[in-house]
Amino acid sequence: MQRIGHIYINGEFVTPHGQEWFDLHNPSTEEVIGQVRLGDEEDAQRAIAAAKAAFPAWSRTTRAERIAALRRIHQAIAARESELMEAIVTEYGAPAERGRWMATYPADVVAQAIDALKTFEFEEQVGTARVILTPIGVAGLITPWNSNAGFICNKLATALAAGCTAVIKPSEMSAMQTQIVAEALHEAGLPPGVFNIVNGRGEVVGEAIARHPDIAKISFTGSSAVGQHLVSTGAATIKRVTLELGGKSPTVVLEDADFGQIMPLVLQAGFANSGQACIAGTRILVPRHRLAEFERVVQEAVSHVKSGDPRDADTAIGPMVSARQWERVQNYIRIGVEEGARLLAGGEGRPDGLRAGWFVKPTIFTDATNQMRIAREEIFGPVLTIIPYEDEADAIAIANDTRYGLSAVVLGQDLERCERVARQIDSGRVLINTLAHEPRAPFGGFKHSGLGREMGKWGMSAYLEPKTLLVGQG
Ligand code: NAD
């Protein structure tokens, strides 16, 4: 049983003022495997004060100094890959393939921030003015449990590259990952106060960060409800806010698609990260005249998708992160049945043969309408909804009839047609016949899926304030 008793403030691991010990679970067994001592408002304030004190010197560092610091971070995080992998599987339940990606992503994303910094233009001549992009101040970075180490590293590396200092409030449910990242960051030897990490509850530490006048900017990844709350809370101190929120992403299967060929992409998009992915393609739009054929192919394909022990090599879907998340997913499966959608695969309860662990059967509803709750609300589990459409215009209308707009997939043989459809989908990202990622391109959502963008020069810009300099005669 691991006990994580420290938070990280001003270059040191310190005992929090907060007294609460929070249980960490292994979602595959439901057992308590550790405890983390949570910080409180006072801890948040100390961390913010440290970041504020460190800001003037860090904001004046040169590009070369920041690159050197980020390289040390990269090296230290990369050296922790296998430890991170173990924590991710134990504490989060990611299946092996996903876990490996989640363990390498934190270092990769630091390398990507270095790349962005190398070519970033901090100054530009505009007419008679010199425009200087200046670091915004102390950034509050708040992360979710579904990729905690990756989000900490992405947000922090970008903030540091821009010249900001930071207070990180990681997911309280991912303290083992946070501990490994914190130790690696400490080894990287940055000046004290440049980054600070406070484990704590969202409504305590997160809230303190959101209200504090010395926090200039919040970068938040999490649910749309908390994102909305952060915008209104931050309004009192005119905070800059970047939000990466939820999704109900469409996978648009065009008429000419070869179902056998596309099915692996359809299921990978839908069941990504055990269904606990903001970008998961959970609405599958299928031409009505080919619905029966699609159902046959998907039913056969999903029968080979194993939900179970994440340590088994053939497992595609691991457990839900918590009992609460498991209950939520079960509830949505009941709702789907009550709404009259037809269950094509899966359903309520654990997969056959599993008595413990927050496992869900890979579940697919068909014959659904886009008005049903299972088509409108983010379930955040391996539950997919097939919605038939009449023609291309109808497919686009259904794809866009959602409050979200984070990601979309378009599948078909005629690439021109795919692109025509893709261009009409209101979404931060549209993928055609691929699930690839391009880290130099912006990532973020339309509508309720977010505000602003992360990654590349767009991500950097979000931590900078343009200053216009006009010079007259001396
Ligand atoms: P959540 O919103 O419940 O929590 C996210 C973080 O916010 C946690 O650290 C939490 O402690 C903190 N928080 C909670 N209440 C707060 C408050 N009042 N003030 C400040 N902070 C607070 O989300 P979650 O359940 O951890 O994660 C799942 C959600 O994250 C899903 O909706 C998913 O779509 C979204 N997500 C989005 C992206 C993206 O890039 N768009 C990526 C991953 C996850």
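The values are calculated or read from the model by the stated rules, or taken from the named source; none is laboratory data. Just so we're clear, the structure is a prediction, and the values are computed from it rather than from any experiment. As a convention, Cβ positions derive from the backbone with ideal geometry for all residues, glycine included, and neighbour counts pool all protein chains shown. Side chains included, ligands, DNA and RNA excluded: accessible areas come from the protein's heavy atoms. Shrake-Rupley method; radii C 1.70, N 1.55, O 1.52, S 1.80 Å.
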Scan of segment 430-456 for residues that are of a type outside the set (A, V, I, L, M, F, W, C) and surrounded by fewer than 21 Cβ atoms within 10 Å (Cβ to Cβ), ordered by number: Asn433, Thr434, His437, Glu438, Pro439, Arg440, Pro442, Lys447, Gly452, Arg453
Breaking point among (1) within 14 Å of the ligand (Cβ to nearest atom); (2) open to solvent by 10 Å² or more (accessible area, probe 1.4 Å); (3) over 28 Å from Ala96 (Cα atoms), for Ile279: (3)
Suppose we filter segment 457-474 for residues that are open to solvent by 20 Å² or more (accessible area, probe 1.4 Å) and of a type in the set (Ser, Thr, Tyr); how many remain? 2
Tell me the helices (runs of 4 or more DSSP H) entirely within segment 19-88 that contain at least 3 residues that are within 30 Å of Trp101 (Cβ to Cβ). 63-78, 81-87
Suppose we filter segment 192-224 for residues that are within 20 Å of the chain's Cα centre (by Cα) and either more than 10 Å from the ligand (Cβ to nearest atom) or more than 23 Å from Met460 (Cα to Cα) (or both); how many remain? 11
How many residues, within segment 246-268, are under 21 Å from Arg98 (Cα atoms) and either open to solvent by less than 10 Å² (accessible area, probe 1.4 Å) or within 13 Å of the chain's Cα centre (by Cα) (or both)? 7
Taking the condition of being in contact with a Lys or Arg (Cβ under 7 Å, 6 or more places away or on another chain) and assigned to a helix (DSSP H, G or I), how many residues in segment 249-281 meet it? 1
Complete set of residues in segment 97-124 that are in contact (Cβ under 8 Å) with a residue 40 or more places away in the chain and among the basic types (Lys, Arg): Arg98, Lys118
For residues that are away from the ligand (no atom under 13 Å from the Cβ) and within 20 Å of Ala53 (Cβ to Cβ), tally how many sit in segment 135-182. 14
With criteria (1) touching a residue at least 60 places away in the same chain (Cβ under 8 Å); (2) open to solvent by 20 Å² or more (accessible area, probe 1.4 Å); (3) farther than 19 Å from Ile262 by Cβ; (4) assigned by TED's automatic domain parsing to the domain that holds Phe259, Gln413 comes up short on (3)
Can you spot a residue in segment 19-28 that is of a type outside the set (Phe, Trp, Tyr) and either outside the structural domain of Ile132 (by TED's automatic domain parsing) or open to solvent by less than 10 Å² (accessible area, probe 1.4 Å) (or both)? yes
Filter pass, Phe122 being of a type outside the set (Asp, Glu), within 16 Å of the ligand (Cβ to nearest atom) and open to solvent by 10 Å² or more (accessible area, probe 1.4 Å): no
Say we look at segment 225-242 and pick out the residues that are within 30 Å of Thr385 (Cα to Cα) and open to solvent by 10 Å² or more (accessible area, probe 1.4 Å); which of these is nearest to the ligand (Cβ to nearest atom)? Val226
Residues of segment 282-308 being buried (at least 17 other Cβ atoms within 10 Å of the Cβ) and in a strand (DSSP E or B), in sequence order, are Arg283, Ile284, Leu285, Val286, Pro287, Ser307
Quick one: is Ala79 open to solvent by 10 Å² or more (accessible area, probe 1.4 Å) and not basic (Lys, Arg)? yes
When you scan segment 1-60, how many residues do you find that are of a type in the set (A, V, I, L, M, F, W, C), touching a residue at least 40 places away in the same chain (Cβ under 8 Å) and in contact with a His (Cβ under 8 Å, 6 or more places away or on another chain)? 4
Lone unmet requirement of (1) touching a Cys at 6+ places or on another chain (Cβ under 9 Å); (2) in the same structural domain as Arg60 (by TED's automatic domain parsing) for Phe380: (2)
Test Gly127 against the stated conditions and say whether it is open to solvent by less than 10 Å² (accessible area, probe 1.4 Å) and of a type outside the set (A, V, I, L, M, F, W, C). no
Quick test for you: out of Ala96, Ala76, pick the one residue that is at pLDDT below 95 and small (Gly, Ala, Ser). Ala96
Does Ile284 meet the test of being at positive phi and more than 10 Å from the ligand (Cβ to nearest atom)? no
